[in-house]
Structures are given as structure tokens and as C-alpha cells.
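The values are calculated or read from the model by the stated rules, or taken from the named source; none is laboratory data. Keep in mind the model is a prediction, meaning the values are calculated, not measured. Here the Cβ positions follow ideal geometry from the backbone for every residue, glycine too, while neighbour counts run over all protein chains shown. Quick note on the areas: whole protein, heavy atoms, side chains included, nothing else; ligands and nucleic acids left out. Shrake-Rupley method; radii C 1.70, N 1.55, O 1.52, S 1.80 Å.
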Amino acid sequence: MTPPILTEFTPWQALGGGALIGLAAVLLMALHGRILGATGIAAGILPGGGTDKGWRIAIVAGMATAPLAWLFATGAMPVVAVPVPLAMIALGGLIVGFGVSYSSGCTSGHGVCGIARLSPRSIVATLTFMASAFATVFVIRHLIGA
Amino acid sequence: MRLFSAYLIGLVFGLGIVLAGMANPAKVLNFFDIAGTWDPSLALVMVSALTVTGLGYRFVLRRGAPVLGVAFHLPTSRLIDRPLVAGSALFGLGWGIAGFCPGGALPALGTGRPDVILFVAAMIAGMYAARLWRARTVARRYAPA
């Protein structure tokens, strides 16, 4: 397995990025009355995922335009550095898709929108997936030593 | 107007994800690696996103209805059940293996990188698998003994 790629602590970008994520969540609620959850939006687009697909497709299109807008604004594509082999990307993707379907939400839906509403389900979900991710990375990087 | 505003909201979200570093698995995995190459940035992403959303929702949800819709669609369940906890535990496992969460991967799709496309394809397969699994479980529960 490839070694970890060092990244710098970027407090201002983190706070600014988080504020934009929050702004998008508030705008979607104010204008459309919807929770901004990547899981629900993605699942709603798939065949069998309901009839109200238009706004969901528009949102995903907006999300996927962000790297181009970033390129236009900064002159470079955003950094996407993948420190794990493709097999782990595929395995992780499968497990993520299965898990978020069962928990009805992920970092955006439960972690941001749900906790902001003080939903007990979202608080439990977020504590659970955060703890699980910390434990997983500890096991992979320090116990298995991959 | 409805679709265009949704598109712009997605763009704002995607730019936030990119600026925050959540579309970058190296950064996400380092956040989870306290015992190693720890990068605490993502904790501040959560603090800031929650502050803005918490304050904004308080203001927005006081209104009777959204500007472009008839009603707010808010989840009403308060049930802490096994699908919620087991599903979340699995999500954390997959997130720790690959470094992408759904909201990080969808904006990253726009880079056109094959590894991101592979992740999203696998994630969709996982969502379908969950759908089939659930249908099977329900069928078994209601099957005649």
C-alpha cells in the first residue's frame, strides 16, 4: 500500500469551506424546503428513487461543476490526492453506499443538517460513523501497518 | 428558477467541499489518523458548517414554507434503531478505507479522475445492494412460516 500523503493544517480554508457548505444547506432549506444530504440526493436520482428528480439532478450537476469553477478562479484544479490503491477505493465505495443507505444519511445529511436540527438520530449516526472511521484508519495504518 | 437555484446551491456546496479539503482523500484520511500524520482541519469544517446551518435553520424554519415550495420536508423519525447504528458504523468503515464520503465524492467527480468515478460507481452499486438486501429481509419476515 502507498504511504500517507502529508497535508498541512489549513484552518482558514476549513472554516471558509465549512461556511459555504452551511450556506448551501441553509439556502436549500429556505428556497426548496429540503435537507442538503448527499446520500438522499444521490439515492433520489437513481432509478426507483422517487419521482422528484429534477432539483436533485441540478444540485449534483452544480456540485460536479465546482472543480471547473475552482480552476477558473484559481488557475489550478483542486487537489485530489488518493493515498490508497484502487482496490480499496472500490471496496470503500461499496461499503459506503451500503452503509449510508441503511443509516439514511452521511456527513452532510446527518453530520451537518441533522445535528443543526438537534436530531437525536443524526447525533447518534454522526458519533458512530466518526468513531468507526477513526478506528478503521487506526487499524489500517497502525495495526495492519499497510 | 427552481432548477437554476438548485444548480447554484450545488455549486456553492461543491466549492465549500473543495475549499475545505473534503474532496481530497489524503486530507480526510489524515484527519482520522490522530496517531500518525494528523491534520485537524476537518474538525473546523464541521464547527463552521454547523454554526452557519444551526443559525440559518433557526431563522428559516420560523417561516411557514420555503420560498419555492409548499412545505418543508423534514425527517420526523426519532427512532435510534439497528439500521441507523449499523449503517453508520459501515459508512465509517468505508470512509476510513477509501477517504471519500458521498458529499466529498460528488464534487470531486468534476475533476474527471478515474479513481473518483470508480468510487462513485462502487457507491451506487452499494446503494443498490442495500435496496436488494432490504427487500429480501422484508420478504423473509413476511413469508409464511
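What total accessible area, in Å², is buried where chains A and B meet, using a 1.4 Å probe and rounding to the nearest 100? Before the final figure, lay out the partial values.
Working: alone 10710 and 11680 Å², together 12840 Å².
That pair of chains buries around 9500 Å² in total.
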| request: Normalise the Debye intensity by I(0) for segment B:2-142, one equal point scatterer per Cα, no solvent, then take log10 at q = 0.19 Å⁻¹ and round to two decimals. | output: -1.36
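Sort B:120-133, B:9-22 by the packing proxy (mean of other Cβ within 10 Å over each peptide's residues), most packed first.
Numbers: B:120-133: 18.4, B:9-22: 27.7.
Highest-to-lowest ranking by the protection proxy: B:9-22, B:120-133.
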| Can you pull the three principal axis extents for the Cα set of segment B:1-78, in Å, largest first? | 49, 31, 21
| note | For chain B, whose charge dipole is built from +1 on Lys and Arg Cβ atoms and -1 on Asp and Glu Cβ atoms, the candidate among B:Ala129, B:Thr111, B:Pro25 with its Cα farthest towards the positive end is B:Ala129
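Over chain A, what is the relative contact order in percent, taking alpha-carbon pairs closer than 8 angstrom and at least six residues apart? Intermediate results must be reported in sequence, preceding the final value.
Working: 87 pairs, mean separation 41.1, N = 146.
Rounded, it is 28 percent for chain A.
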| field | Where N is the number of residues in segment A:11-143, Cα Rg divided by 2.2 N^0.38 Å | value | 1.16
| chain A, helix-only ellipticity at 222 nm - DSSP H runs n ≥ 4, -39,500 (n - 2.57), divided by all residues, nearest 500 | -20500 deg cm²/dmol
| task | Please give the average number of partner chain Cβ atoms lying within 10 Å of the Cβ of each residue in A:109-122, rounded to a whole number. | result | 5
| query | What residues of segment B:1-39 lie in the reach of a label at B:Leu68, counting those whose backbone N is under 11 Å from a point 7 Å from the Cα along Cα→Cβ? | reply | B:1-10
| note | Output ordering of A:106-116, B:97-107, B:63-73 (per-residue mean of other Cβ within 10 Å, highest first) is B:97-107, A:106-116, B:63-73
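How much of the accessible area of chain B, probe 1.4 Å, is carbon plus sulfur, in whole percent? Could you put the intermediate results ahead of the total?
Working: 4860 of 6930 Å².
Ligands and nucleic acids excluded, carbon and sulfur give 70 percent.
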| field | Shape parameters for the protein assembly as shown, alpha-carbon atoms, Rg then Dmax in Å | value | 18.0, 65
| task | Give me the accessible area per residue for segment B:2-142, probe 1.4 Å, as a whole number in Å². | result | 46
| field | Dipole in debye (nearest 20) - segment B:2-142, about Cα centre, beta carbon charges: Lys, Arg +1; Asp, Glu -1 | value | 760
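Nearest 0.05, what FRET efficiency do B:Arg78 and B:Arg58 give at R0 = 25 Å with Cβ-Cβ as r? Could the numbers behind the result be given before it?
On the way: r = 19 Å, r/R0 = 0.78.
So, using R0 = 25 Å, E works out to roughly 0.80.
Share of Cα-Cα pairs in segment A:70-146 beyond 16 Å, in percent?
Values: 1893 of 2926 pairs.
Cα-Cα pairs of segment A:70-146 separated by over 16 Å account for 65 percent.
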| Distance in nm between label sites at B:Ala121 and B:Val138, each 7 Å beyond Cα in the beta-carbon direction? | 3.0
